[in-house]
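**Student:** Can you read through this structure? Questions will come right after.
Here, each number is a calculation from the coordinates, and none is a lab measurement. What you are looking at is a predicted structure, and each value in this text was computed from that prediction instead of being measured. With ideal geometry, Cβ positions are generated from the backbone for all residues, glycine too; neighbour counts draw on all protein chains shown.
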Amino acid sequence: MIIDGIVSGVGAVLGFVPQMLMLFIFLAFLEACGYMARIAFIMDRIFRRFGLSGKSFIPILIGTGCGVPGIMASRTIENDSNRKMTIITTTFIPCAAKLPVIALIAGAVFGGAAWVATSAYFAGIAAIVCSGIILKKTKPFAGGAAPFLMELPAYHWPTAQSVIRSMWERGWSFIKKAGTVILAATIFVWFASNFGFGDDGFGMVDMDKSILAKIGGFISALFIPLGWGNWQASVAALTGLIAKENVVGTLGILYGFAEVAEDGNEIWSRLAAEFTALSAYSFLLFNLLCAPCFAAIGAIKREMNSPKWFWFAIGYQCAFAYIVSFCVYQLGTLFTAGSFGVQTAFAFALSAGFIFMLARKH
Amino acid sequence: MQVLKETRPGSTVRVVKIGGAGPIKRRIMEMGITKGVKIHVQKVAPFGDPMEITVRGYELTLRKSDAQLIEVE
């Protein structure tokens, strides 16, 4: 248990620490030399149009590396509704941990087509813009624009000490989280994927008889309308909550490989058999847009500092991901196969509702 | 009466009156823009909205909607 469960689980997350420390060094440098405030200055005009502030660009930029420091960076936004909206939308942008998932789907089903990864980033940006426009018009986010008065610090050469300290503070809070929330979650998943009710009572069993497989089988019904209702994909989406790159590893284990490369090329043929192009793309979209990994969820909880807003953020992200994947899969099926059913009609209704929410007057 | 919003980049003006109310007015005054102080308009952002000014020896950025409230001469 210690080796398989804890070391591989927490290790996978801690493996990100060196990269994150590098990222934090450069971000601390950009902040300390006074450039970040200039980015906010330039981007404000664009971001204000969809209910964010110029300062929202910084969390989103950091979010391409990792959502956790991205969400933490939203702290600099004074206006309450701008900040909440930034926290909700930051993790829509694909972070570094989502790249293996994109690589897996692009490689296995789309023959490595370049547009898959590109479209993932554009889908993330579109999700931020659409969410901003929709949320801006809802009641809790209404209210007048707050003043955007901000000092632009003079450019200067930062001291090494302040850069290192800022890097270490952020890095350490991430390591602490890996030791608590993520540790507990990995132990649970390891236990649930290795134990279950086998032929001779409760005990260690193969993964396809485990508790996790039962849970996966149970929730997979939810994902049938999205085109990927097999239990392996559902379990992969679940374990993706621990860390998004887990999706690749989980699919590898569930398809019978002990270890897979980062882009999972051992299981490409199995995936290509299980998924159609549409269901694979819907799977990708759902995993990119739904609630982020536990580390980022923890960061959302801390920054929101209110259970109500925390659950709203998670619920909104999952509902948004579900609706987008559902519409893409159902409408895609209509155009490629020409089949029209109740679900297709429902997808049309949802799309119409979505466009209405986007276009309605404030 | 001229407002700060219409002031051309590169010119220096003096604050006559600060309009607005409540938190917005307070925030403007907190940042050092008070009656009689000199403001040098540095530039306007590439997309045309927030503007950059020098006030009391430091650089400050504010949106044109806020600059509208500041009367200058």
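**Student:** Helix A:35-48: angle to the longest alpha-carbon principal axis of chain A, degrees 0 to 90, nearest 10?
**Tutor:** For helix A:35-48, the angle is close to 70 degrees.
**Student:** If a/c stays under 1.5 just call it rounded; otherwise compare a/b with b/c (prolate if a/b is bigger, oblate if not). Do that for chain B, with a ≥ b ≥ c from the square roots of the Cα gyration tensor eigenvalues.
**Tutor:** Working: a/c = 1.39, a/b = 1.24, b/c = 1.12.
Note, shape of chain B comes out rounded.
**Student:** If each residue of separation counts as 0.36 nm, what is the full-extension length gain between A:Ser306 and A:Trp168 once their alpha-carbon separation is subtracted? Mind showing how you got there, number by number?
**Tutor:** Values: separation 138, 0.36 × 138 = 49.68 nm, distance 2.67 nm.
Separation in residues times 0.36 nm, less the Cα-Cα distance, equals 47.0 nm.
**Student:** Related question: In degrees, nearest 10, range 0 to 90: what is the angle between the Cα axis of helix A:211-223 and the longest Cα principal axis of chain A?
**Tutor:** Roughly 70 degrees, rounded to the nearest 10.
**Student:** With r as the distance between the Cβ atoms of B:Glu30 and B:Glu6 and R0 = 22 Å, compute the FRET efficiency 1/(1 + (r/R0)^6) and round to 0.05.
**Tutor:** Once the sixth-power term is evaluated, E becomes 0.40.
**Student:** Name the longest site-free stretch of chain B, where the excluded sites are trypsin sites (Lys or Arg not before Pro) in a DSSP loop with no more than 16 other beta-carbon atoms within 10 Å.
**Tutor:** The longest such stretch corresponds to B:1-34.
**Student:** Name the longest site-free stretch of chain A, where the excluded sites are GluC sites (Glu not before Pro) in a DSSP loop with no more than 12 other beta-carbon atoms within 10 Å.
**Tutor:** Between exposed loop sites, the widest span is A:1-258.
**Student:** I've got another one for you. Given a cut-off of 26 Å, what percent of all Cα-Cα pairs of segment A:24-158 lie beyond it?
**Tutor:** Cα-Cα pairs of segment A:24-158 separated by over 26 Å account for 29 percent.
**Student:** Can you tell me the length gained on complete extension of the stretch A:Phe197 to A:Ile224, counting 0.36 nm per residue apart and subtracting the Cα distance?
**Tutor:** 7.2 nm
**Student:** Additional query: Between exposed trypsin sites (Lys or Arg not before Pro) in chain A, where DSSP calls loop and at most 10 other Cβ atoms lie within 10 Å, what's the longest gap?
**Tutor:** A:1-359
**Student:** Using the beta-carbon distance between A:Ala113 and A:Ile323 and R0 = 22 Å, what value does 1/(1 + (r/R0)^6) give for FRET efficiency, to the nearest 0.05?
**Tutor:** On the way: r = 25 Å, r/R0 = 1.14.
Computed FRET efficiency for A:Ala113 and A:Ile323 comes out at 0.30.
**Student:** Then there is this: Using 7 Å Cα-to-Cβ label points, what is the A:Ala273/A:Val17 separation (nm, one decimal)?
**Tutor:** Distance between the two pseudo-spin positions: 4.1 nm.
**Student:** What's the angle, to the nearest 10 degrees (0 to 90), between helix A:17-33's Cα axis and the longest principal axis of chain A?
**Tutor:** 20 degrees
**Student:** Mind giving me the nanometre distance, one decimal, between the label points for A:Ala345 and B:Ala21, set 7 Å out from Cα along Cα→Cβ?
**Tutor:** If labels sit at A:Ala345 and B:Ala21, their model points lie 5.3 nm apart.
**Student:** Sticking with the crude label model, points 7 Å out along Cα→Cβ, report the distance from A:Thr138 to A:Asn265 in nm, one decimal please.
**Tutor:** Taking the simple label geometry, A:Thr138 and A:Asn265 are separated by 4.3 nm.
**Student:** Nothing charged except the Cβ atoms of Lys and Arg (+1) and of Asp and Glu (-1): what's the magnitude of the dipole of chain A about its Cα centre? Round to the nearest 20 debye.
**Tutor:** I would put it at about 1700 debye.
**Student:** Stretched out fully, how many nm does the piece from A:Trp157 to A:Phe26 gain, at 0.36 nm a residue minus the Cα gap?
**Tutor:** 45.8 nm
**Student:** For chain B, what is the relative contact order in percent, using Cα pairs closer than 8 Å and at least 6 residues apart in sequence?
**Tutor:** 45 percent
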